[in-house]
Every structure is written in structure tokens, then in C-alpha cells.
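Colleague: One structure coming up, written as C-alpha cells, with questions to follow.
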Amino acid sequence: MEKIQRPKGTQDIFGKDASRWQAVESCFRKIMRQAHYQEIRTPAFEYTELFKRGVGETTDIVNKEMYTFEKGERSLTLRPEGTAGVVRSYVEQGMSRWPKPVKLYYMGPMFRYERPQAGRQRQFHQMGLELFGLDTPEADAEAISLAMDFFGSLELPNLALEVNNIGTAQCREVFKQGFQTLVTPYLAKLCQDCQNRFHSNPLRMLDCKIPADKEIYDLPEIKSFLEKDFTSDECQAHFAKLSDILSALEIPFKRNYRLVRGLDYYTKTVFEITSTHLGAQNAVCGGGRYNNLVEQLGGPATPAVGWALGMERLVSLLGDLENAGLDYYIVSDQPEYAFKVAKLLRAKNLAVEVNLSGKNFGKQFETAAKSGAPKILVLGEAEAKNQQVTVKIMADASQNSLSLRELLGSL
RNA sequence: GCGGGUGUCGCCAAGCGGUAAAGGCCCCGGAUUGUGGUUCCGGUAUACGUGGGUUCGAUUCCCAUCAUCCGCCCCA
């Protein structure tokens with residue numbers, strides 16, 4: 001028979017990688033629990049219109065990357081990101097009436113139809129948090145510092161935090177007019193993307209990667225326009241306070257006036273955490289404030305802030321973990337006794353493997369050594385008869401016998 | 001959607017026009033029937049991505065196709 005392989009851009013996660021994923025997940029859950037965030041699990045697919053309205057009709061994600069299919073009357077789409085579904089649930093489940101703030105976290109697979117490359121899969125996994133109900137720089141600071149705490153506890157090296165303030169919709173009107181006026185003389189020289197965005201979404205022109213275009217945006221009169229900050233006094237005060245808190249927390253960051261991000265829903269604060277160890281797709285975490293999204297999805301006007309991080313990219317930054325494998329390996333030709341002992345040890349929360357091969361002790365020891373277990377229990381005829389165990393320490397090959405009761409008592 | 005690289009056993013990998021397609025790792029068996037991973041011997045496997053073409057002859061050259069990797073775009 002012909003082999004069937006997995007779809008393009010998907011991954012089987014197993015073996016060593018699986019334990020890395022588990023380590024990351026349990027670390028994340030711990031940090032979320034300690035900060036009093038609750039888990040939310042939303043469906044892997046939603047009605048297509050949720051993403052069209054939530055993520056934005058002009059985004060690449062919605063325009064060319066969604067897995068959409070029709071069943072019955074409605075069009076469905078595999079979720080390309082987590083926030084829209086969480087916001088939908090927030091509205092649908094009446095969380096707007098919960099005491100503020102509402103603090104949620106999630107983790108799970110996301111789907112985007114793109115050409116796979118290093119750090120980019122068609123099915124990938126995100127972990128993220130959303131904080132609803134506060135429009136304060138304190139909320140932004142908590143979100144960012146939790147991300148940094150999380151990376152810190154995983155001891156990840158070479159991470160850089162970049163932050164920017166893109167203001168409110170009104171601020172961006174100011175930006176649009178000012179920027180368009182300044183850029184118009186150079187319009188013909190810009191790349192096609194930038195020319196298109198000149199009308200549809202001028203802010204996005206800023207993160208153009210074409211060197212010639214960058215030079216134009218770096219011209220003195222344009223640069224000074226960007227740096228004097230087009231946002232309102234209130235937005236600037238918000239950002240200043242956020243900066244103060246981050247500095248006080250000794251979280252190093254850089255203001256990047258070019259950081260605008262590709263999702264339409266952001267307001268005020270946006271940020272990104274990148275690693276120099278990731279290749280071209282170097283963003284490991286990204287997020288920001290989205291004060292209009294809840295309302296846009298039919299809920300009461302509710303400010304919110306959140307972020308998501310890519311688990312594949314995160315896991316790829318992790319070094320080798322300590323072997324969190326077996327505590328005991330049981331070598332035995334007395335299965336009844338061996339299983340009884342294993343059950344008692346497992347009840348003490350230990351990881352125990354019983355050799356099931358029925359082979360001679362020499363072979364069983366070989367397998368035991370390969371298993372990496374630090375201790376071997378030898379349970380032969382004599383031990384079974386006397387309810388004893390022989391414990392062998394692999395590191396120094398020492399070995400002694402004691403009663404089963406003594407062993408259990410010593411744990 | 002657009003560029004470039006690569007496809008030889010489960011993994012790594014030699015061969016680059018000519019007999020039965022090296023080698024290493026892993027796995028299995030034996031030396032060693034209650035004591036180990038490093039020794040020695042042996043063994044398993046539908047391995048040249050697929051389809052055409054050139055040739056007396058193709059794993060090797062050409063074309064196409066598929067897969068995969070890297071990059072662009074965009075994002076986590």
C-alpha cells in the first residue's frame with residue numbers, strides 16, 4: 001500500500017519535542033494561574049464573518065490565508081488567530097457583566113493557508129492572554145510583563161521587546177492626512193504595495209521592507225513627523241505611563257515608530273517580542289491594545305489588551321530539558337509481584353516501567369540501562385517469596401535488598 | 001502568489017553513466033539462561049520521490065511533476 005503523509009505545513013509532535021511542549025504549557029499555566037487568569041477554550045472553527053469583521057477585511061490573513069469551507073447554510077473558517085474567538089465568546093457568554101477586569105488565557109492550534117518556511121506552519125499553535133475592561137497603561141504593562149516573566153522563567157536568551165503607540169482611530173486620521181501630504185511627492189517611486197496602502201491603510205506603509213521605500217520614510221521631514229508623534233495628548237500620556245512602569249520593572253524595551261502590525265484591530269499600544277535565533281520569522285510574541293473590537297463584534301464598548309505567542313517558535317528556542325523520565329525500572333520474572341510493586345510506587349507519584357519482555361535478566365538489564373532510569377528494582381523469585389525488593393543504583397552499580405515495606409516507607 | 005536549494009532503508013549518508021546500491025546510527029538475535037548502557041559476531045528492511053525523455057545501458061544526464069527546506073509577502 002502507498003503511504004499517506006501528513007498535509008503540507010503540519011507537524012507531528014512527539015518524543016523529545018512533546019516533553020518540551022509539555023514543559024512550556026505547564027509553565028504557562030502556572031504563570032497564568034498565579035496572575036489569576038482563567039483558561040478559555042473556544043472552537044477551532046467559527047463562522048467566517050467573525051474573522052472578516054474581527055481581524056479585518058483588508059488584512060492578508062482574511063484575504064488570502066483562511067481555510068474556509070461551506071457546510072449547510074453558513075460559511076465556516078478554521079481559526080487563523082485566537083483573539084476573535086475569545087472576544088466572540090466574551091460577548092456571547094455575557095462576560096461583559098463579570099467584575100472587571102476579565103482576564104483570560106488560551107492555547108491551541110491555529111490555521112493559516114500560507115507557504116510553509118522556517119517558523120511558519122499551516123497548522124501552528126498559539127498561547128495567549130486577553131485582558132478586558134481596562135483602558136489603563138497598567139493593564140498594558142501587566143500584559144507585557146507577564147509575557148516577559150514567562151520567557152524569563154523559560155530562560156530564553158536574546159529576546160528584544162519593541163513597543164509602539166499607534167493611537168486611536170482619530171489619531172490615525174491625523175496621521176493619514178499628514179503622512180499622505182508629506183509622501184505624495186514621492187508616491188511614484190514607492191513599491192506597488194505601498195502605493196496601494198497609500199489609500200487603503202497608510203499606516204501599514206511604515207513596515208515596508210523595501211530599502212528604497214525606507215529611505216524615503218527616513219527623509220528628515222517625514223521622520224520628524226513620525227517622531228514628534230501624531231497621536232493625541234491622551235494617547236501620548238498613556239504611552240508615557242506605560243514606559244515608566246516598564247522601566248520601573250526593569251523590562252528593557254525599544255520604541256519602534258515603524259511597528260504597526262498587520263491586524264486592523266489594534267489601538268494605542270502595540271508590541272512585539274523578537275528573537276535573533278529564529279531566522280526570517282523572528283517574532284515570537286506579538287500583541288497590543290484593541291479598544292474597539294468588542295463593540296465591533298456586537299458587544300458593549302469594552303477596552304482590552306492581549307497578546308499571542310507562537311509555540312513552535314518558542315519551543316525551537318528551548319534547549320534540552322533535563323530528562324524528566326523514569327524513576328524506577330523493574331526487572332523481573334515474577335509479573336504478579338512486579339505489577340503489584342509498580343502499582344504501589346505509582347501511587348506515590350513515581351514513574352515506573354515494568355519490563356514486559358519475559359526475557360532473561362541479562363537482556364532485561366540491557367533494556368533497563370537504555371531506559372535511563374536512575375534506579376532498577378530487581379524482583380525475582382526470592383524477592384517475591386519474601387516480599388522484598390532489590391534496589392540497584394545505576395550510577396554507582398551499588399545494590400541492596402530491603403523489604404517492600406521499608407522501600408515504601410522510605411519514599 | 002513569486003524566487004532558490006534538496007529528494008538514496010526509521011535516521012544520517014557514499015555513489016554522479018556500466019556488474020548483487022557502501023558505511024554509520026537505531027532496531028532485533030547471539031557470545032552472556034539473576035545483573036547493564038561502552039566489546040565482538042550475526043540479522044531484518046517494498047531505500048535511489050513519481051512520470052516521461054536521452055542512451056546499448058540511468059541512482060547518476062535532461063524535462064515535467066510531487067514533496068520538503070530556505071527566502072519574499074505577511075505573521076506567532
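Derivation of every value follows stated rules applied to the coordinates shown; laboratory data play no part. For clarity, every value in this text was computed on a predicted model and none was experimentally measured. Here Cβ is always computed from backbone atoms with ideal geometry, including for glycine, and neighbour counts include all displayed protein chains.
Colleague: Using modelled backbone amide H atoms (1.01 Å from N, in-plane), which distant-in-sequence or interchain residues come within less than 5 Å of A:Gln388's amide H?
Modeller: A:Leu404
Colleague: What helices does chain A have that are whole DSSP H segments, at least 30 Å long along their own axis by Cα, and with mean Kyte-Doolittle hydropathy of 1.0 or more?
Modeller: Working: long enough: none.
Span-like helices here: none at all.
Colleague: I've got another one for you. How big is the antiparallel share of DSSP beta bridges in chain A, given as a percent to the nearest 5?
Modeller: Values: 53 of 65 bridges.
Expressed as a percentage, antiparallel bridges in chain A total about 80.
Colleague: What is chain A's relative contact order, in percent, from Cα pairs under 8 angstrom and six or more apart in sequence?
Modeller: Working: 661 pairs, mean separation 63.9, N = 411.
The normalised contact order for chain A reaches 16 percent.
Colleague: Another question about this same structure. Roughly how far apart, in whole Å, are the Cα centres of region A:377-411 and region A:123-164?
Modeller: 49
Colleague: Can I ask one more? Let me spell out the model: positive unit charges on the Cβ of Lys and Arg, negative unit charges on the Cβ of Asp and Glu, origin at the Cα centre of region A:130-208. What dipole size does that give, in debye rounded to 20? Mind dumping the intermediate values first?
Modeller: On the way: 5 positive and 11 negative charges, 157 e Å.
My answer is approximately 760 debye.
Colleague: What aspartates and glutamates sit close enough to A:Lys228 to cross-link, taking a C-alpha to C-alpha distance under 15 Å and skipping anything fewer than 8 places away on the same chain?
Modeller: The reachable aspartates and glutamates, counting only those whose Cα sits under 15 Å from A:Lys228, are A:Asp218.
Colleague: Taking the Cα centre of region A:176-329 as the origin, how large is its charge dipole in debye, to the nearest 20, when only Lys and Arg (+1) and Asp and Glu (-1) carry charge on their Cβ atoms?
Modeller: Values: 16 positive and 19 negative charges, 120 e Å.
Here region A:176-329 has a charge dipole of around 580 debye.
Colleague: Using a cut-off of 19 Å between alpha-carbon atoms, which aspartates and glutamates can reach A:Lys64, once sequence neighbours fewer than 8 places away in the same chain are excluded?
Modeller: Qualifying aspartates and glutamates at Cα under 19 Å: A:Glu46, A:Glu49, A:Glu81, A:Glu114, A:Asp193, A:Asp264.
Colleague: Still on this structure: Might you report the magnitude of the Cβ-based charge dipole of chain A about its Cα centre, with Lys and Arg at +1 and Asp and Glu at -1, to the nearest 20 debye? Walk me through the numbers on the way to the answer.
Modeller: Details: 51 positive and 51 negative charges, 168 e Å.
Rounded to the nearest 20 debye, it is 800 debye.
Colleague: Using only the alpha carbons, work out the radius of gyration and Dmax of region A:46-174 in angstrom.
Modeller: 16.9, 49
Colleague: Can I ask one more? Roughly how many Å is it from the Cα centre of region A:276-315 to that of region A:17-60, as a whole number?
Modeller: Comparing the Cα centres of region A:276-315 and region A:17-60, I get a distance of 10 Å.
Colleague: Working from the pairwise distances between different alpha carbons, so that the mean of 1/r is found and then inverted, what is region A:103-200's Kirkwood radius in Å? Before the final figure, lay out each step's value.
Modeller: Details: mean 1/r = 0.0562 Å⁻¹.
Every distinct Cα pair counted, the radius reaches 17.8 Å.
Colleague: Viscosity 1.002 mPa s, temperature 20 °C: what is the translational diffusion coefficient of region A:1-106 from Stokes-Einstein with a Kirkwood Rh over Cα pairs, rounded to a whole number of µm²/s?
Modeller: Values: Rh = 16.7 Å.
Translational diffusion coefficient: 129 µm²/s.
Colleague: Classify chain A as rounded, prolate or oblate from the Cα gyration tensor: take a ≥ b ≥ c as the square roots of its eigenvalues, call it rounded if a/c is under 1.5, otherwise prolate when a/b beats b/c and oblate if not. Write down the numbers at each step before the final one.
Modeller: Numbers: a/c = 2.46, a/b = 2.35, b/c = 1.05.
Taking the square roots of the gyration eigenvalues as a ≥ b ≥ c, chain A is prolate.
Colleague: Between A:Glu215 and A:Thr181, what's the calculated FRET efficiency when r is the beta-carbon distance and R0 is 25 Å? Round to 0.05.
Modeller: Values: r = 19 Å, r/R0 = 0.76.
After rounding, the FRET efficiency stands at 0.85.
Colleague: Given H placed on each backbone N at 1.01 Å, which residues far from A:Met110 in sequence or on other chains put an amide H within less than 5 Å of it?
Modeller: A:Phe124, A:His125, A:Gln126
Colleague: Mind checking Rg over Rh on region A:272-388, alpha carbons, Kirkwood formula for Rh?
Modeller: Working: Rg = 25.9 Å, Rh = 18.9 Å.
With Rh from the inverse mean 1/r over Cα pairs, Rg/Rh is 1.37.
Colleague: At what distance in angstrom do the alpha carbon centres of region A:61-122 and region A:189-257 lie from each other?
Modeller: Cα centres, region A:61-122 to region A:189-257: 28 Å.
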